[in-house]
Amino acid sequence: MNNRAKYIAVDEEKNKKNNRIQYIRECFSIIYDEIDLRCKPSRETSLALTKLEEAQFWAIKSVTREV
């Protein structure tokens, strides 16, 4: 059978991690939306968004690095 047609079992643990990562992204998305809605464009807003992006990166990285 061609490899493209084969069934590939999804690793349950990997699926759980993907669900957790998606949840983290959704939570950060809410905060991004609130900042966009309630803060005028400024240097301070840009810094807040940059720090938020960094926090999101590290939060997701912590999930992916679990053994």
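The values are calculated or read from the model by the stated rules, or taken from the named source; none is laboratory data. As the structure is a prediction and not an experimental result, all values here were calculated from the model. Because the Cβ atoms are built from the backbone with ideal geometry, glycine has one as well, and the counts that use them run over all protein chains shown. Note: accessible area is taken over every heavy atom of the protein model, side chains too, but ligands, DNA and RNA are not part of it. Shrake-Rupley method; radii C 1.70, N 1.55, O 1.52, S 1.80 Å.
Things worth noting here:
- Measuring r between the beta carbons of S46 and N15 and using R0 = 30 Å, the FRET efficiency lands at 0.25.
- Residues of type aspartates and glutamates that K51 reaches as a straight line, Cα spacing below 18 Å, ignoring anything fewer than 8 places off in the same chain: E26, D33, E34, D36
- Between 0 and 90°, nearest 10: helix 12-38 axis offset from the chain longest Cα axis: 20
- Accessible surface of the chain, 1.4 Å probe, proportion on carbon and sulfur as whole %: 55
- Cross-link partners for K14 among the aspartates and glutamates, with Cα-Cα distance under 16 Å and sequence neighbours closer than 8 places in the same chain left out: E66.
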